[in-house]
Ligand code: ADP
Ligand code: ASP
Ligand code: MG
């Protein structure tokens, strides 16, 4: 390991997570290395290079049908070789590519991409990108080591979205990372992946590297979790869709959680939980504009309306049952069906004779059969949730009126004010959602 400049080790290190675009090119990775070299006690958590996780999933799916997966694999190898050549570093990725190839051969032989295999294959992107960043940091004179989160984060066997065993995980993170940091090494941890109970690679769900960052920060009692991405912070509307959107300097944990949950891709919905548990401030920063102040997320809350977001790909499940309200335990029976299928419910609305529940499109079919055993079920697909977020909603008596005025030309259903009193959500047809969300944005922020 190259000897060189040492970072200033503190007891409460900053955890800095870098997303796919931040790791997406040689230029971006150099920028990440410069940010990490800023002299703070820091642990890096990294995503795969942008587009790689999608390609890895395609690779697995192609192997399962005996398609030309070798071509996809070669494309990935070439893409990463071009990045390392441009960076001027030698990275020994041979063993990882070999292991990936062997996994594909196994999938082809089986003729099926089993969930554990899909997770194993889709996690290679982070294992590769972390090794590349380490070599760049070493070239810059720092001590750095790639740490595979397989050794740090432990979950159950819920492949596709492992549920973390925090006791085991927190212990492993402290035991493995603190000694490294004390000896002046920057650990570069793979985001997204973990170890399942059965000892396989598992993933934390798409976009899950933010969550990995938060898990590491929580375990180390970090002074700050930084989420470095490709925009200047959290905006009052997705900045890629609205040039007039503005960065929010501050948000509360609860507001950020609502935004993430209802579709703002900038933060993975689970990220905030470990941060709240240890009261760790979260900063959203731009790798490509590092001097911008970003968005600070803490437990402080300002009473204003903050942002509009939306989530596509939603189904409404309407459940009718005669005499439902008088039947004790009906609701519990109903939600047990969702819980058993590990399905997250977004919005719930009840009337005297029916309950409407929203779930992701792919999930609805998993529960219809069970629900039909004790009720009449109707599923409406192709819907979207629009969500207005901000602690100010509690006291803004005109918020609902303004909202309805903004969307009066559209067919709106399931209007509900979240129990947190920090959001108003409603459902519209997916085909109209962009237009509707823009109208809400115009009404409240322009
Ligand atoms: P990363 O790869 O760094 O994890 P993501 O693509 O997951 O980045 O998230 C960043 C993207 O989130 C931005 O490019 C932006 O288009 C999108 N986004 C959606 N809603 C918002 C919002 N309210 N504020 C900022 N970004 C948002
Ligand atoms: N690489 C993973 C994904 O694309 C995780 C992440 O980037 O957060 O979903
Ligand atoms: Mg992300």
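Below, the figures for the structure above:
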item: Burial ranking of peptide ranges 242-251, 258-267 (average Cβ count within 10 Å, highest at the top); result: 258-267, 242-251
item: Prolate/oblate/rounded label for segment 288-446 (Cα gyration tensor, a/c 1.5); result: prolate
item: Tail beyond 18 Å, pair distance distribution of segment 334-387 (Cα, percent); result: 27
item: Segment 254-325, Cα convex hull volume normalised per residue, Å³; result: 168
item: Hydrodynamic radius by Kirkwood, which averages 1/r over all alpha carbon pairs of the chain, in angstrom; result: 23.3
item: Residue exposure sequence - 198, 181 - by fewest surrounding Cβ within 10 Å; result: 198, 181
item: Percent RCO, i.e. relative contact order, over segment 228-267, from Cα pairs under 8 Å lying at least 6 residues apart; result: 33
item: Translational diffusion coefficient (Stokes-Einstein; Kirkwood radius from C-alpha pairs) of segment 49-151 at 4 °C, 1.567 mPa s, in µm²/s; result: 91
item: Over segment 242-341, relative contact order from alpha-carbon pairs under 8 Å, at least 6 apart, %; result: 31
item: Full-stretch length increase - residue 302, residue 66 - with 0.36 nm per residue and alpha-carbon distance subtracted; result: 79.4 nm
item: Percent of alpha-carbon pairs separated by more than 12 Å within segment 379-435; result: 66
item: The chain, relative contact order in percent, only Cα pairs under 8 angstrom and at least six apart counted; result: 14
item: Hull volume in cubic angstrom per residue (convex hull over the Cα atoms of segment 107-146); result: 59
item: Volume of the Cα convex hull of segment 186-287, divided per residue and given in Å³; result: 115
item: Shape call, segment 170-218: gyration tensor on alpha carbons, a/c limit 1.5; result: prolate
item: Over segment 104-263: Kirkwood hydrodynamic radius from C-alpha pairwise inverse distances, Å; result: 17.5
item: Of 157, 95, 286, the one that fluctuates the most in a GNM where the chain has Cα springs shorter than 10 Å; result: 95
item: Pairwise centroid distance, computed over Cα atoms, of segment 368-403 with segment 33-81, Å; result: 36
item: Fluctuation leader among 435, 167, 409 - the chain, Gaussian network, Cα springs under 10 angstrom; result: 409
item: Share, in percent, of DSSP beta bridges within the chain that are antiparallel, nearest 5; result: 60
item: Neighbour-count order for 91, 188, fewest beta carbons within 10 angstrom listed first; result: 91, 188
item: Sequence of 127, 206, 378 once ranked by neighbouring C-beta atoms within 10 Å, starting from the fewest; result: 378, 206, 127
item: Backbone N within segment 248-263 under 19 Å of label point (7 Å from residue 240 Cα along the Cβ vector); result: 248, 259-263
item: Expected 222 nm ellipticity per residue - DSSP helices of 4 or more, -39500 (n - 2.57), all of the chain, to 500; result: -12000 deg cm²/dmol
item: Size-normalised alpha-carbon gyration radius of segment 228-268, reference 2.2 N^0.38 Å; result: 1.08
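A short reminder: the numbers here are calculations on the coordinates, not readings from a lab. This one's a predicted model, so the numbers in the text were calculated from it and none came from an experiment. Here the Cβ is made from the backbone with ideal geometry for all residues, glycine too, and neighbour counts use every protein chain on show.
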